[in-house]
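A short worksheet on the structure shown next.
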Amino acid sequence: MILRFFLLFFCSVVIISFYFYHNKETQIVEEPKWYCDKGHYCPDKNYTNPLICPKGYYCPLKNLKNPVHCPLTKYCPKEGLEEPIDCPIGSFCPNWGMIEPNPCEKGYHCPKLNMKNVQLCTIGTYCPEGSARPIICPKGHYCPKNFMSYPLKCPEGHYCSGVGMTIPKPCLSNMVCEKGSIEMKSPQKGRSDL
């Protein structure tokens, strides 16, 4: 009885081993040879043709079917990006899918990262293109209105003694004030008086 059981067991093992040995291809589940890594996307359902993420988009996950548009306040300047890049200080990113940030416009400033809108420069200050902060009008100059991109030199016959001036001061009739003056000067010996 034991012998019969042993023979039956032995034969079963041999038959099963033979079956699996000759049919091993049907037993192995292969992983796909291609898959989309981060920075790529695969429009076909089998993920067999990975494409690099284009400019203006990013691909943050594996096996994406479509690339993701670069969001507002960010930009995506190169192919294969996994994450969008913050819009830097002194610039703004008002649109989806931006490839490069816009420099802050003349007369405006962009004081923070990831700005969608610009902030205006107020009187007494000026903002050249790409300004992160308003610049206070220097001595010898004045900034009479909003949105200025450069300071105006104090006109002849006036002086601008302080910073942030919005209106030049008139020169006294017995004094001399050349263009860009920060003080009144005596016509004799170049003596200055205030």
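For G130, indicate whether it is over 30 Å from G162 (Cα atoms) and either touching a Phe, Trp or Tyr at 6+ places or on another chain (Cβ under 6 Å) or in a loop (DSSP other than H, G, I, E, B) (or both). So G130 fails the test. Taken together, K153, K169, K74 contain a single residue that is under 29 Å from the mean Cα position of the chain (by Cα) and of a type outside the set (A, V, I, L, M, F, W, C), which is K74. Does the range 42-51 contain any residue that is modelled with pLDDT of 95 or more, under 33 Å from the mean Cα position of the chain (by Cα) and farther than 30 Å from G107 by Cβ? Looking through the range 42-51, none of the residues is modelled with pLDDT of 95 or more, under 33 Å from the mean Cα position of the chain (by Cα) and farther than 30 Å from G107 by Cβ. Is it the case, given these coordinates, that T73 is in contact with a Pro (Cβ under 9 Å, 6 or more places away or on another chain) and closer than 30 Å to S161 by Cβ? So T73 does not fit the description; no.
Any residue at all in the range 167-181 that is among the basic types (K, R) and in a loop (DSSP other than H, G, I, E, B)? Yes, there is a match, as at least one residue in the range 167-181 is among the basic types (K, R) and in a loop (DSSP other than H, G, I, E, B).
Only one of the listed residues (M98, M175) is within 21 Å of the chain's Cα centre (by Cα), of a type outside the set (S, T, N, Q) and surrounded by 16 or more Cβ atoms within 10 Å (Cβ to Cβ). That residue is M98. Taking first residues from the range 141-163 that are in contact (Cβ under 8 Å) with a residue 24 or more places away in the chain and under 10 Å from C177 (Cα atoms) and partners that are of a type in the set (S, T, Y) and assigned to a loop (DSSP other than H, G, I, E, B), the Cβ contacts under 7 Å between residues at least 6 apart in sequence or on separate chains come to C154/S181; Y159/S181.
The values are calculated or read from the model by the stated rules, or taken from the named source; none is laboratory data. All values derive from a computational prediction rather than experimental measurement. Here the Cβ is made from the backbone with ideal geometry for all residues, glycine too, and neighbour counts use every protein chain on show.
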